[in-house]
1. Scan the range B:225-259 residue by residue and report those that are more than 9 Å from chain A (Cβ to nearest Cβ), part of a loop (DSSP other than H, G, I, E, B) and either farther than 18 Å from residue B:25 by Cα or in contact (Cβ under 8 Å) with a residue 60 or more places away in the chain (or both).
2. Answer with yes or no whether residue B:36 is in contact (Cβ under 8 Å) with a residue 40 or more places away in the chain, surrounded by 24 or more Cβ atoms within 10 Å (Cβ to Cβ) and away from every other protein chain (no Cβ under 14 Å).
3. Checking residue A:38 against (1) over 30 Å from residue B:172 (Cβ atoms); (2) over 23 Å from the mean Cα position of the chain (by Cα), which single condition isn't satisfied?
4. Would you point out which residue out of B:155, B:129 is under 23 Å from residue B:63 (Cα atoms) and surrounded by 15 or more Cβ atoms within 10 Å (Cβ to Cβ)?
5. Checking residue B:142 against (1) surrounded by 15 or more Cβ atoms within 10 Å (Cβ to Cβ); (2) in the same structural domain as residue B:12 (by TED's automatic domain parsing); (3) in contact (Cβ under 8 Å) with a residue 40 or more places away in the chain, which single condition isn't satisfied?
6. Just to be sure, is residue B:62 surrounded by 19 or more Cβ atoms within 10 Å (Cβ to Cβ), at positive phi and at pLDDT 95 or above?
7. Give the residues of the range A:1-54 that are touching a Phe, Trp or Tyr at 6+ places or on another chain (Cβ under 9 Å), surrounded by fewer than 19 Cβ atoms within 10 Å (Cβ to Cβ), more than 8 Å from chain B (Cβ to nearest Cβ) and hydrophobic (A, V, I, L, M, F, W, C), sorted by residue number.
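The values are calculated or read from the model by the stated rules, or taken from the named source; none is laboratory data. If you're wondering where the values come from, they're calculated on a predicted model, not measured in any experiment. Backbone-built Cβ (ideal geometry, glycine too); neighbour counts: all protein chains shown.
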Amino acid sequence: MSKIPFVTKPFGPDAVLLEWPKKVDTDILMDILGFREYLLKKHLLEPGWELIPVYHSLTLINRMKEVNVAELIGVLPKWYAQRKGKRSPRTRHWVLPVCYDTEFAPDLEEVSERLGMAPEELIEAHTAQPYRVYGIGFLPGFLYLGGIPERLKLTRRDEPRLHVAAGSVGLAGEQTGIYPQTSPGGWHIIGSCPVPLFVPEKNPPCVVAPGDQIRFRAISRAEYDLHKIEGEIGIYKYKRGQSRAEN
Amino acid sequence: MLKINNPGFYTSIQDLGRFGYRHLGVPVSGALHLKAFKRANALLENDPNDAALEITMTGPDLEFTEPTIMVLCGAPLEASMDGVTLEMNQVYQVPAGALFKSGHVREGLRTYLAIKGGLKSELKLGSRSQFYPITLSGTVKKNSLIPYDPYADFSPKLLKISPSKSFGDKALIAYPGPEYEYLEEKHLNELFNKDFKISKNHNRMACQLEPTLPAHTIRMITSATLPGTVQITPSGRLIILLRDGQTTGGYPRILQLDGDSLDRVGQKQFGDIVCFEKIKQP
């Protein structure tokens, strides 16, 4: 039997938690997503199962029936070992427009200064590489993105803002991301994405899925206005990028 | 239609919840005191998932434009229909044009007003539970109209049941959470031997407790959270996540409440006392 890379823990009386090594790592994420797909296809076929992947963990819960936590913990490593030809799940690559104009970026100048670069260099650095979606949570459609270059890492704002507008692109610590709804927030705001990532009228409501990659593309104010309207009336076409070649 | 003449303090439409979208960050929502909600639907011989009003602390004033059958379950509420005082857990015929008025809850926090066939409000991602921004609003608004199917003839098998008192208990049954093992002796001593007060920071998402436990330096990578997860912030504050709570979090998950205890938390208000009763994982 091959080595099982995760530990299983009960998560209260109704759920089970699987934890891979405590790292933010693409291979770990792909293994989690692949196992998730396999479980939903081969073993957890009854309705009601929800499998929640975030960073290095997968949580299993079923709302329709009582979960026998001990039994599930016993059988999960066996299922993992039985999984053949561990193919990575299919992930997609998205290019999201971001307007970095001062109007949407109250912290751009201060952040550039703290990082020792010109605002143009910061925009260049922020759009230079794809980011991996390690999970979706906190708010509906909020993406946990990994892959921030060293030179963009900085601490959060000392005082969180009570009101960060929907679409705001934030930077803090090892994280960058888009606020899907207007909410309080402690990240530095450096731009705005005009198109919604989460539309509750659609199924699936979130265009992006865990495992996908996101790349930001700097756009002008005019293009921002256009995409904003396209997004509001639901005709914006989300742009796909090249997936593998760019990594 | 059900017309909202006055929405009350915080009245929302809830069903059993919104499932299947937690991996996209969508909280499950649903009635906070599930047992009372289910009892209301059972008395009306409804589908268990039929939507009802969840009333918080101070109730709404309503007008029923069509005949229906209604029942109130959960926290005892001062309420009347066309001037006649209403009892809890009792099924009533509602004539077209009836006016429902309500005041404060006498005990607990949340009351369910269910009608025959349920409220037919907007269905979003498989649920009618109000949660902004999945639904247009998180609560019912003054003068809004909520559709329902009229019912004139219905003879319930049970007219009234005796109210349950279970939500008065302060003890919450708690299983060790995923990060429980990292707690130190000084945390454990206080966690299971102290009473905690519900702070004024409590809503459908989460409920903060007072006083705090000692600060800690446990670090973790963001992971899933569930309704009933008890988190501890770096400064030692305990937070119980409820049904509108976020689906992921970065604070250590030290305890996990069972369903009945989560229901009980849903009936606690500012100043109420709770304590944790540790249970070993079966």
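1. B:227, B:233, B:234, B:235, B:236, B:237, B:242, B:243, B:244, B:245, B:252
2. yes
3. Evaluating residue A:38 over (1) over 30 Å from residue B:172 (Cβ atoms); (2) over 23 Å from the mean Cα position of the chain (by Cα) leaves (2) as the failure.
4. Exactly one residue qualifies, and that residue is B:129.
5. The failed condition is (1).
6. no
7. A:4, A:7, A:40
Listed here are the residues, each with its yes/no results for (1) among the hydrophobic types (A, V, I, L, M, F, W, C); (2) touching an Asp or Glu at 6+ places or on another chain (Cβ under 8 Å); (3) within 13 Å of chain B (Cβ to nearest Cβ); (4) without any contact (Cβ under 8 Å) to a residue 60 or more places away in the chain.
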{"residue": "A:185", "(1), (2), (3), (4)": "no, no, no, yes"}
{"residue": "A:193", "(1), (2), (3), (4)": "yes, no, no, no"}
{"residue": "A:213", "(1), (2), (3), (4)": "no, no, no, no"}
{"residue": "A:216", "(1), (2), (3), (4)": "yes, no, no, no"}
{"residue": "A:221", "(1), (2), (3), (4)": "no, yes, no, no"}
{"residue": "A:226", "(1), (2), (3), (4)": "yes, no, no, yes"}
{"residue": "A:239", "(1), (2), (3), (4)": "no, no, no, no"}
